[in-house]
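J.: Submitted below is the structure of interest, expressed as structure tokens.
Any read-out appearing in this document is the output of simple, stated calculations on the displayed coordinates, not a laboratory observation. None of the values given here were measured: they were computed from a predicted structure. Here the Cβ is made from the backbone with ideal geometry for all residues, glycine too, and neighbour counts use every protein chain on show.
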Amino acid sequence: MKPILIKNSPPPDHSFSIEERISKRFSVPYHFHHEYELTAILKGKGSRFVGNNISRFDDTDMVLIGKNLPHHWHNDEPENETPEDYIRAIILKFDAEFNGIRIFDLPENYQIQRILSKADKGIRITGETFDRLIHLMELLLNAKGPERISLLLKILYEISISSNIEILSDTEYLPQVKENDIDRMNKVYDYILKHYLGRISLTEAASVACMNETAFCKYFKKRYGKTFIQVVNETKISHACRQLMGDDITVTEVCYSSGFNNISNFTKSFKKIMGMSPNEYKKKIQRMDR
């Protein structure tokens, strides 16, 4: 998975873009762009990567992405090949400047400006705010003229006054991507995502980055806000969470299928990241499905 720069341009008669996407999978790779992005998942499940946060997502996932913040939704394969099982999302993208007009700098939009500054680390939106925003985004899909600007401001204002928000990336995460780091970090991300379920080595990861282990550990922690081992374990636990949703699989089976060598290490890592044991997580999922 490679964080690449993607350049977006709205239609010539619009100052920002919004689209409904229905497909078997998200085809855009791990990437970043200069626009803000509000992504709402209406149908689908999988793993979400935002900055240095790795989490599961489901049918009620919504995240506000800041400028140049790497992100990617990797959905689970649908059970069937029919369109009814495809993932569905609404994606809104907008810039801080509208044809030379910095609308968010107006005094009346002070609260919106504050929430956009927090989006540098990614903001997850839940609860009643999620429901209200979905309604507004669906209206925006078909809106025309000045109503589009009005709805965009309404959406952002709703986020700015909501208590149903969660900052995703750690406080230590460096939100701005440096272009001269991209190629090196691309190779490291690629290595993690290709090998995390099997044998993964700090020595090999450092070699991929063309660095010695000591320099690589310092470099990775500075750029990502977490250690290399932390990111590997979070990626494994994200995979484990997906596996634990199955009724016919045991915690022990999930442990080894997620790249851990023993149940003790798996349980300790799972509890540290998820705040509960694998058994507790599995029981919680089963209660939710009833």
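J.: Relative contact order, percent, of the chain when contacts are C-alpha pairs under 8 Å separated by at least 6 residues? Before the final figure, lay out each step's value.
T.: Details: 475 pairs, mean separation 49.0, N = 290.
Reported as a whole number, the value is 17 percent.
J.: What order do you get for 239, 71 when you list them from fewest to most C-beta neighbours inside 10 Å? Provide the component values of the computation, followed by the final result.
T.: Working: 239 19, 71 22.
Starting with the residue having the fewest Cβ neighbours, the order is 239, 71.
J.: Given H placed on each backbone N at 1.01 Å, which residues far from residue 31 in sequence or on other chains put an amide H within less than 5 Å of it?
T.: 4, 71
J.: Of the chain, which part is the longest with no GluC sites (Glu not before Pro) in a loop (DSSP not H, G, I, E, B) and with at most 16 other C-beta atoms within 10 angstrom?
T.: Numbers: sites that count: 79, 81, 97, 172.
That gives 173-290 as the longest site-free run.
J.: For the chain, modelled as a GNM with alpha-carbon contacts under 10 angstrom, which of 161, 41, 237 fluctuates the most?
T.: 161
J.: If you don't mind, there's one more thing I want to ask. Under the Karplus relation 6.51 cos²θ - 1.76 cosθ + 1.60, θ = phi - 60°, what is the ordered set of whole-Hz ³J(HN,Hα) values for the range 103-108, x standing for Gly and Pro?
T.: So the J values, rounded to whole Hz, are 5, 6, 7, 5, x, 5.
J.: I want to verify a result. In a Gaussian network model of the chain, Cα cutoff 10 Å, which of these has the top mean-square fluctuation: 246, 66, 122?
T.: 246
J.: Here's something else I'd like to know. For the chain, just the Cα atoms, rotate onto the principal axes and tell me the three extents in Å, largest first.
T.: Largest first, the chain extends 59, 49, 35 Å along its Cα principal axes.
J.: Kindly write out, for the range 257-262 in residue order, the coupling ³J(HN,Hα) from the Karplus curve 6.51 cos²θ - 1.76 cosθ + 1.60 (θ = phi - 60°), rounded to whole Hz, with x marking Gly and Pro.
T.: With coefficients 6.51, -1.76 and 1.60, one gets 6, 9, x, 8, 8, 8 Hz.
J.: Let me ask another. Taking 0.36 nm per residue of separation and subtracting the Cα-Cα distance, what length does fully extending residue 167 through residue 88 add? Write out the running numbers ahead of the final one.
T.: Numbers: separation 79, 0.36 × 79 = 28.44 nm, distance 2.37 nm.
Computed gain between residue 167 and residue 88 is 26.1 nm.
J.: Subtract the Cα-Cα distance of residue 257 and residue 19 from 0.36 nm times their separation in residues, and report this length gain in nm to one decimal.
T.: On the way: separation 238, 0.36 × 238 = 85.68 nm, distance 3.67 nm.
Additional length available on full extension: 82.0 nm.
J.: What nm value, rounded to one decimal, do you get for the distance between residue 147 and residue 284 when each label is placed 7 Å out toward the C-beta?
T.: The two pseudo-label positions are separated by 4.2 nm.
J.: What Kirkwood hydrodynamic radius, in Å, does the range 179-289 give when the mean of 1/r is taken over all pairs of distinct Cα atoms and then inverted? Spell out each step's value before the answer.
T.: Numbers: mean 1/r = 0.0665 Å⁻¹.
By the Kirkwood definition, the hydrodynamic radius is 15.0 Å.
J.: Below 17 Å Cα-Cα, how many Lys pairs turn up in the range 4-167? Only count pairs eight or more apart in sequence, or on different chains, if you could.
T.: Within the range 4-167, the lysine pair count is 12.
J.: Across the range 89-96, in residue order, what do the Karplus-derived ³J(HN,Hα) couplings come to in whole Hz, using 6.51 cos²θ - 1.76 cosθ + 1.60 with θ = phi - 60° and x for Gly and Pro?
T.: 3J(HN,Hα) across the range 89-96, in whole Hz: 8, 10, 10, 10, 10, 8, 9, 6.
J.: Another question about this same structure. If the elastic network links every pair of Cα atoms under 10 Å, which of 165, 273, 87 fluctuates the most in the Gaussian network model of the chain?
T.: Fluctuation is largest for 273.
J.: Next question. So, with +1 on the Cβ of K and R and -1 on the Cβ of D and E, and no other charges, what is the size of the charge dipole of the chain about its Cα centre, to the nearest 20 debye?
T.: Working: 41 positive and 39 negative charges, 205 e Å.
Dipole of the chain, to the nearest 20 debye: 980 debye.
J.: Per DSSP H run of at least 4 residues, take -39500 (n - 2.57); add these up for the chain, divide by its residues and hand me the 222 nm value, nearest 500 deg cm²/dmol.
T.: Values: 10 runs with 124 residues, N = 290.
Result for the chain, helices only: -13500 deg cm²/dmol.
J.: A further question on this structure: What is the pair-distance distribution P(r) of the range 4-167, computed from all Cα-Cα distances in 5 Å bins starting at 0, with each bin given as a whole percent?
T.: Going out from 0 Å in 5 Å bins, the range 4-167 shows 2, 8, 18, 22, 23, 16, 8, 3, 1, 0, 0 percent.
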